[in-house]
Each structure stands twice: as C-alpha cells, then as structure tokens.
Amino acid sequence: MSNYRRLFVPGATYFFTQVTYKRNPWLCTEIGREGLRTGFQRLQKIYPFSLDAIALLPDHFHCIWTLPEGDKNYPMRWRYLKSFVTRSCSHKLKLSTEVTLSRHKRKESNLWRRYWEHLIKDEEDFENCCDYIHYNPVKHGLCESRKDWKFSSFHRLVKQGVYSVDWGVNELIKFSGYFGKMSNFENCESDQ
C-alpha cells in the first residue's frame, strides 16, 4: 500500500470507506452509533461539508462527502471524527484488542484502521457510489432488502424521492469500475 496516493481537489465529492481495527464489529452498537452521530454533528459545525450518503455496517462504513468550495482538507475532518469517537467511546466499548507497539508509537487506537477515498468524477459515478453504499448491507447478508437496514441514509433519500422504497428488491444491482476494486479495501486486515 506504499504507493497509495490521496487526491485533493477543492470542493470535490468523495466516496469513503472506513474500517474498524481488526474488523471489530462495534459500529452498529448503541455506543458506536451515538459516538459517530455526535462526532459527525460536531464535525459539520466546525468544518462544514455535506454528508450525501452513508451506510453503517458492524465493522465498516461507506459514505459520500461533498466539501465546500475551495476546501480540500478531508484528512483533517477524518482525524477529528476518529479522535472524537475514540475519546468518547473507547472506554465504553471495552474492546479487548491490544494496540501494537507500532500503532502506539503513531498514537493510533484499537478502534480504527485507515480510510480509503475515491474522488467522484461525475453524476454517474456519484449514483454508482450512492447505490453501492445503500446496497452494501444486502451484499454482506445483513438484510434481504435495502429497506430493512436502518443504519443508512437510504430512508432519508426515499423521503426525498431519490429512491423508491422497493429499490433493489427483486433486481440484480450491478456495479462497475471502481467497485470491482472495493473488495480489496473491505478485506484489508493488515496494519500498514
């Protein structure tokens, strides 16, 4: 992963994947959800951005952010969010995963791994990313229908008329391009 380079485009829209450390399934717990909700609310007040879509799964989440015009600093936003959640939740979660010496030296906790981003190039790319996010709980076998998973922005987007409530039911959802590579991100287990 040493060749991985982040793209910084002011005012851009990004698709992100954030994975928990050692794939610990704490994100959908009440503690995890509340910590993330509060963290996102505080983050958006301090460093505004639009949270266009999100799906929270037990050990990872996907989201789409649109940064304000002229702003390209999503790493600072991720640092704030992960630090806030770690400070407010780590002691409550009581995870038994030990922090390695290298993670300790880098001041990393036992809650998070790195995140990955994809610069969204156009409207079609945005729609594919949004569909991927909302179909992800079905893909992982957490529910049979998109409407059954409550930890995502799908229900908000149904109310806004973006999706029908039965989107993805009885139809094969195909993803191309970037999403052929997604399994590489979702299956990462090593500490880099």
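The values are calculated or read from the model by the stated rules, or taken from the named source; none is laboratory data. Because the structure is a prediction, the values reported are computed rather than measured. No Cβ is skipped: glycine too gets one built from the backbone with ideal geometry, and neighbour counts run over all protein chains shown. Areas reflect the complete protein model, heavy atoms only, side chains present, ligands, DNA and RNA absent. Shrake-Rupley method; radii C 1.70, N 1.55, O 1.52, S 1.80 Å.
Here is how the numbers come out for the structure above:
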| read-out | value |
| --- | --- |
| Yes/no for residue 189 being open to solvent by 50 Å² or more (accessible area, probe 1.4 Å), assigned to a loop (DSSP other than H, G, I, E, B), closer than 20 Å to residue 113 by Cβ and modelled with pLDDT under 70 | yes |
| Some residue of region 72-79 being touching a helix residue (DSSP H, G or I) at 6+ places or on another chain (Cβ under 9 Å), open to solvent by less than 50 Å² (accessible area, probe 1.4 Å), within 29 Å of residue 124 (Cα to Cα) and of a type in the set (Lys, Arg) | yes |
| Subset tally (residues that are of a type in the set (Gly, Ala, Ser), modelled with pLDDT under 70 and open to solvent by less than 50 Å² (accessible area, probe 1.4 Å)) for region 84-118 | 1 |
| Residue list for region 119-157, restricted to those being within 11 Å of residue 55 (Cβ to Cβ), open to solvent by 40 Å² or more (accessible area, probe 1.4 Å), among the hydrophobic types (A, V, I, L, M, F, W, C) and out of contact with any Cys (no Cβ under 8 Å at 6 or more places or on another chain) | 142 |
| Residue that is nearest to residue 151 (Cα to Cα), among those in region 46-69 that are touching a Gly at 6+ places or on another chain (Cβ under 9 Å) and not polar (S, T, N, Q) | 56 |
| Some residue of region 63-70 being over 14 Å from the mean Cα position of the chain (by Cα) and either touching a residue at least 60 places away in the same chain (Cβ under 8 Å) or open to solvent by less than 40 Å² (accessible area, probe 1.4 Å) (or both) | yes |
| Residue check, residue 121 of a type in the set (D, E, K, R), over 24 Å from residue 24 (Cβ atoms) and at pLDDT below 95 | no |
